[in-house]
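Written below as structure tokens is the structure these notes are about.
The values are calculated or read from the model by the stated rules, or taken from the named source; none is laboratory data. Source: prediction; values computed, not measured. As a convention, Cβ positions derive from the backbone with ideal geometry for all residues, glycine included, and neighbour counts pool all protein chains shown.
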Amino acid sequence: MKIYGIKSCDSCRQARRFLAENGIDHQWHDLREDGIDVATVQSWLRVVGAETLVNRHSTTWRSLDELERVEAMSAIGAAAFLAEHPTLIKRPVIVIQGDILVGFGAPVQDKVLGARP
């Protein structure tokens, strides 16, 4: 299991705490510190789509002009734009056995617990 997020993100901290409390082994990837490649973001977009992956509540989103927002949501430019601005990615992104989960609500928590070895 691999968790992608930002260490200052409340949802990411909640997810990491949940995993530790439940003894679930995981690998952490900090989007801000480690970055993210375009190919990975493209694979996420193919599975979950821009509507799910783009964090439209973020400060970064609110600071974009309309043209940049269109680029962030377009099928052509979204992957490169999100890789360049990883704070626009809704967090955490959890990769479990090929499944891509976004956020950390109850349905995601249930899937994480169900994937435990």
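Observations
- Reported count of residues in region 95-111, each being out of contact with any helix residue (DSSP H, G or I) (no Cβ under 6 Å at 6 or more places or on another chain) and either within 18 Å of D37 (Cβ to Cβ) or of a type in the set (D, E) (or both), is 4.
- Conditions (1) under 18 Å from C12 (Cβ atoms); (2) in a helix (DSSP H, G or I); number of the one not met by V95: (2)
- Residue match in region 46-63 (condition: in a loop (DSSP other than H, G, I, E, B), of a type in the set (A, V, I, L, M, F, W, C) and on the phi < 0 side of the Ramachandran plot): no
- Top-ranked residue of region 65-85 - restricted to ones that are in a loop (DSSP other than H, G, I, E, B) and touching a helix residue (DSSP H, G or I) at 6+ places or on another chain (Cβ under 7 Å), ranked as modelled with the highest pLDDT: H85
- Residue ID - nearest to I6 (Cα to Cα), chosen from residues in region 31-47 that are of a type in the set (A, V, I, L, M, F, W, C), buried (at least 16 other Cβ atoms within 10 Å of the Cβ) and out of contact with any Pro (no Cβ under 7 Å at 6 or more places or on another chain): V41
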